[in-house]
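Below: the structure, in structure tokens.
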Amino acid sequence: MRERIGKLGRELRYAFWLSVHPFKGFWEIKSEGAGSLTTAMILLAAFVLSTVAGGLYTGYLFAPNGGASYNVVRGALTAVTVFFAFCVANWCLTCLFDGEGTFVDILRATGYALLPMTLTQLVLIVFSHVLSAREAAIYTFLYSLGVLWTAFLVFASVLVTHQYTMFKTVLMLLCILLGMCVLAYIALLFFNLLGQMSGFVEALVKELRNRG
């Protein structure tokens, strides 16, 4: 048990190191087994929790639609769905365009890339109760910094994991975003069809009961 906890602690510390040394860090994750899927999923869970906490506890000045009116389940599901949609689209498209990363490689790298945004969201919860309206630019700057930092890590993860050039990485990220939109459209059609089938079965059952 101590060994497992110690290993997890080292991997979490490694995530902080990777955030400022992304190219070397993602290469070590892919080629030298420096990271683990377990740690990546822990970082994903931390990101989801920070997102939910931000929706619940961010000050009213910076989140007028949050607090008691925030839907925790929807917020958590949205974060998880976007993560896995990105990973699935990433894997599907990079398989077609000579990507060298496996699906597990993509999950690990993307999970580690979430750390800056997770930390930023937690810091912003505190700042939202301290800053005034005149200091909103500080809040916006920190939020933008977290988003850009995470976006850069995602970019580096795709480049290193699949051994792409800079240009091909940018092109692939655009294709991945398009692929996520396609997946969302297919999911919408599926649930719409499922709802129609459910309504049909319900109407059929009612009709049979009425005749009986």
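The values are calculated or read from the model by the stated rules, or taken from the named source; none is laboratory data. All values derive from a computational prediction rather than experimental measurement. Cβ: placed from backbone, ideal geometry, glycine included. Neighbour counts: every protein chain shown. Note: accessible area is taken over every heavy atom of the protein model, side chains too, but ligands, DNA and RNA are not part of it. Shrake-Rupley method; radii C 1.70, N 1.55, O 1.52, S 1.80 Å.
Going by what's in this entry, would L142 be described as open to solvent by 60 Å² or more (accessible area, probe 1.4 Å) and under 25 Å from A15 (Cα atoms)? Before you say what the answer is, go through the steps one by one.
Values: open to solvent by 60 Å² or more (accessible area, probe 1.4 Å): no; under 25 Å from A15 (Cα atoms): yes.
No: the conditions fail for L142.
Residues are listed down the side, and each one gets a yes or a no for (1) open to solvent by 90 Å² or more (accessible area, probe 1.4 Å); (2) modelled with pLDDT of 90 or more; (3) not aliphatic (A, V, I, L, M):
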site: H162; (1), (2), (3): no, yes, yes
site: F167; (1), (2), (3): yes, yes, yes
site: Y185; (1), (2), (3): yes, no, yes
site: L188; (1), (2), (3): yes, no, no
site: Q196; (1), (2), (3): yes, no, yes
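Scan (1) modelled with pLDDT of 90 or more; (2) open to solvent by less than 50 Å² (accessible area, probe 1.4 Å) for the single condition C92 breaks and write down its number.
(2) is the only condition that C92 fails.
Please work out if Y57 is in contact with a helix residue (DSSP H, G or I) (Cβ under 7 Å, 6 or more places away or on another chain), under 30 Å from S132 (Cα atoms), among the aromatic types (F, W, Y) and open to solvent by 70 Å² or more (accessible area, probe 1.4 Å).
Details: in contact with a helix residue (DSSP H, G or I) (Cβ under 7 Å, 6 or more places away or on another chain): yes; under 30 Å from S132 (Cα atoms): yes; among the aromatic types (F, W, Y): yes; open to solvent by 70 Å² or more (accessible area, probe 1.4 Å): yes.
Spelling it out, Y57 is indeed in contact with a helix residue (DSSP H, G or I) (Cβ under 7 Å, 6 or more places away or on another chain), under 30 Å from S132 (Cα atoms), among the aromatic types (F, W, Y) and open to solvent by 70 Å² or more (accessible area, probe 1.4 Å).
Give the residue, chosen from L148, L124, that is at pLDDT 95 or above, surrounded by 10 or more Cβ atoms within 10 Å (Cβ to Cβ) and under 19 Å from the mean Cα position of the chain (by Cα).
On the way: L124 fails: at pLDDT 95 or above.
Just one listed residue meets the conditions, L148.
Suppose we filter T120, T81 for residues that are closer than 24 Å to Y143 by Cα, touching a Phe, Trp or Tyr at 6+ places or on another chain (Cβ under 8 Å) and not hydrophobic (A, V, I, L, M, F, W, C); which single one remains? Outline the logic, then answer.
Details: T81 fails: touching a Phe, Trp or Tyr at 6+ places or on another chain (Cβ under 8 Å).
So the residue among T120, T81 that is closer than 24 Å to Y143 by Cα, touching a Phe, Trp or Tyr at 6+ places or on another chain (Cβ under 8 Å) and not hydrophobic (A, V, I, L, M, F, W, C) is T120.
Counting only residues that are in contact (Cβ under 8 Å) with a residue 12 or more places away in the chain and either farther than 13 Å from L115 by Cβ or of a type in the set (G, A, S) (or both), how many does the stretch 8-25 have?
If we filter the stretch 8-25 for residues that are in contact (Cβ under 8 Å) with a residue 12 or more places away in the chain, which is where we start, we get 8, 11-12, 14-16, 18-19, 22-23, 25.
From the residues that got through so far, the ones that are either farther than 13 Å from L115 by Cβ or of a type in the set (G, A, S) (or both) too are 8, 15, 19, 23, 25.
The total comes to 5.
Regarding R108, is this residue basic (K, R), surrounded by fewer than 18 Cβ atoms within 10 Å (Cβ to Cβ) and not in a loop (DSSP other than H, G, I, E, B)?
Details: basic (K, R): yes; surrounded by fewer than 18 Cβ atoms within 10 Å (Cβ to Cβ): no; not in a loop (DSSP other than H, G, I, E, B): yes.
Against the criterion (basic (K, R), surrounded by fewer than 18 Cβ atoms within 10 Å (Cβ to Cβ) and not in a loop (DSSP other than H, G, I, E, B)), R108 does not qualify.
For the stretch 1-45, name all the residues that are closer than 18 Å to I106 by Cα and of a type in the set (A, V, I, L, M).
Of everything in the stretch 1-45, those that are closer than 18 Å to I106 by Cα and of a type in the set (A, V, I, L, M) turn out to be L12, A15, L18, I29, A34, L37, A40, M41, I42, L43, L44, A45.
Just wondering, is there one or more residues in the stretch 162-179 that are charged (D, E, K, R) and in contact (Cβ under 8 Å) with a residue 24 or more places away in the chain?
Yes, that holds for at least one residue.
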